[in-house]
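Have a look at the structure below before the remarks.
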Amino acid sequence: MVFQHIPVERCRQLIADVTGAAVSDGFIHSCLAKAASLAAEVVGLIRSLITAAPVAGFDETTLRSGPAGDKKYVHGAFTEEYSAFWLGARSLDSMADAGILPDFAGIVVSDRYQNYFHPRWKHIAGNQACLAHILRDYQDCAESYPGAVWPVQAQRALRGMIKAWHASREKGLTAIPADVLETLAHEFRHAVLAGLASVPRVPGPKNNTKQKPGRELPGFCRDRRGDVLRFTTDTSIWPTNNISERGVRPLKTQQKISGRLASDDITQDRLDIRSYIDTARKHGKNAMDILHDLMPGRPWRPPAPALSP
């Protein structure tokens with residue numbers, strides 16, 4: 001149900017087909033609550049391991065949970081080895097409730113949502129804005145201003161830097177070579193400046209003055225240049241947040257299949273189980289095996305990385 005998006009009724013039918021046991025919907029829901037309870041300590045460990053990671057991706061998506069009309073958000077934090085999900089609102093307090101961002105001291109990889117750049121996260125080492133999002137935003141600019149060169153130029157430069165990042169990682173380099181980066185960074189900088197010159201700012205207060213399409217993007221790239229190109233000087237930082245998008249996207253699929261979830265507590269149980277399964281699969285574990293061990297009280301635990309002296 002949690003990982004393969006099977007509705008309760010079909011899950012009940014599947015159990016009957018495979019085992020011959022005629023179980024109730026209530027039994028299935030009780031298994032979810034039990035699994036979440038047994039995995040709770042491991043989920044806490046996963047969140048701690050993400051908090052200690054040097055780089056982590058963060059993302060959020062809407063989810064219908066609780067009474068009709070309520071809109072909640074699923075927040076996720078991810079590394080290449082761990083996944084953690086929690087339910088809340090689209091607010092700084094909800095982002096803090098998981099206990100990751102308040103103490104996180106690594107690089108935050110995310111979209112350009114302002115809450116990820118908030119000074120409340122005083123320990124973070126820096127941000128990396130997702131270039132997949134920025135490339136899509138520049139495509140919007142290209143469609144808004146047909147014939148304009150600067151959106152295409154910016155995309156070309158960013159894609160060149162991403163390609164250079166992959167090549168550098170494959171060679172074991174810690175950064176994109178300066179001679180490769182210089183030309184691409186120069187091209188990107190001038191594309192940003194051309195965009196700012198082509199789409200002048202509409203005068204007025206920032207909080208209530210509507211700007212022309214495409215104005216905000218080059219402004220962000222100019223003012224937060226370090227947060228856009230941080231990956232170029234440290235190849236341990238991902239240039240995109242695709243790992244996080246892949247983590248939260250299946251939850252939307254599940255919602256389309258199962259509809260609104262009855263309560264926030266049940267939803268959080270599902271998210272904790274998914275944290276457990278996602279993390280185990282990232283370590284090459286079979287989902288059925290680790291669930292089979294979980295239910296008798298023998299949860300799988302992810303290995304902690306070796307600490308530097």
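Here's the yes/no breakdown for (1) at pLDDT below 95; (2) among the hydroxyl-bearing types (Ser, Thr, Tyr); (3) closer than 30 Å to Leu251 by Cα; (4) open to solvent by less than 20 Å² (accessible area, probe 1.4 Å):
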| site | (1), (2), (3), (4) |
| --- | --- |
| Ala89 | yes, no, yes, no |
| Ile124 | no, no, yes, no |
| Leu135 | no, no, yes, no |
| Gln139 | no, no, yes, no |
| Gly147 | yes, no, no, no |
| Pro151 | no, no, no, yes |
| Ala175 | no, no, no, no |
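Could we say that Arg246 is within 21 Å of Phe117 (Cα to Cα), open to solvent by 60 Å² or more (accessible area, probe 1.4 Å) and either out of contact with any Phe, Trp or Tyr (no Cβ under 8 Å at 6 or more places or on another chain) or in contact (Cβ under 8 Å) with a residue 60 or more places away in the chain (or both) here?
Details: within 21 Å of Phe117 (Cα to Cα): no; open to solvent by 60 Å² or more (accessible area, probe 1.4 Å): yes; either out of contact with any Phe, Trp or Tyr (no Cβ under 8 Å at 6 or more places or on another chain) or in contact (Cβ under 8 Å) with a residue 60 or more places away in the chain (or both): yes.
Answer is no for this residue.
Which one is modelled with the lowest pLDDT among residues in segment 258-309 that are closer than 18 Å to Ile6 by Cα and charged (D, E, K, R)?
So, considering only residues that are closer than 18 Å to Ile6 by Cα and charged (D, E, K, R), the one modelled with the lowest pLDDT is Arg260.
So which of Val192, Val180, Val228, Val199 is buried (at least 20 other Cβ atoms within 10 Å of the Cβ) and over 28 Å from the mean Cα position of the chain (by Cα)?
Working: Val192 fails: over 28 Å from the mean Cα position of the chain (by Cα); Val180 fails: buried (at least 20 other Cβ atoms within 10 Å of the Cβ); Val228 fails: over 28 Å from the mean Cα position of the chain (by Cα).
Of the residues listed, the single one that is buried (at least 20 other Cβ atoms within 10 Å of the Cβ) and over 28 Å from the mean Cα position of the chain (by Cα) is Val199.
Go through segment 66-165 and tell me which strands (runs of 3 or more DSSP E), entirely inside it, have 1 or more residues that are touching a Leu at 6+ places or on another chain (Cβ under 6 Å), in contact (Cβ under 8 Å) with a residue 24 or more places away in the chain and within 23 Å of Ile243 (Cβ to Cβ).
Working: elements: 71-78, 83-88, 107-110, 126-129.
Qualifying strands (runs of 3 or more DSSP E): 71-78, 83-88.
Of the conditions (1) farther than 30 Å from Gly172 by Cβ; (2) acidic (Asp, Glu); (3) in contact with a Phe, Trp or Tyr (Cβ under 9 Å, 6 or more places away or on another chain), Asp227 satisfies every one except a single condition; which number is it?
Evaluating Asp227 over (1) farther than 30 Å from Gly172 by Cβ; (2) acidic (Asp, Glu); (3) in contact with a Phe, Trp or Tyr (Cβ under 9 Å, 6 or more places away or on another chain) leaves (1) as the failure.
Taking Ile46 and the conditions (1) under 27 Å from Phe104 (Cβ atoms); (2) without any contact (Cβ under 8 Å) to a residue 40 or more places away in the chain, which numbered condition does it fall short on, given that it satisfies the others?
Among (1) under 27 Å from Phe104 (Cβ atoms); (2) without any contact (Cβ under 8 Å) to a residue 40 or more places away in the chain, Ile46 violates only (2).
The values are calculated or read from the model by the stated rules, or taken from the named source; none is laboratory data. This is a predicted model, so every value here is computed, not measured. As a convention, Cβ positions derive from the backbone with ideal geometry for all residues, glycine included, and neighbour counts pool all protein chains shown. Please note that ligands, DNA and RNA were not included when accessible areas were found on the heavy atoms of the full protein model with its side chains. Shrake-Rupley method; radii C 1.70, N 1.55, O 1.52, S 1.80 Å.
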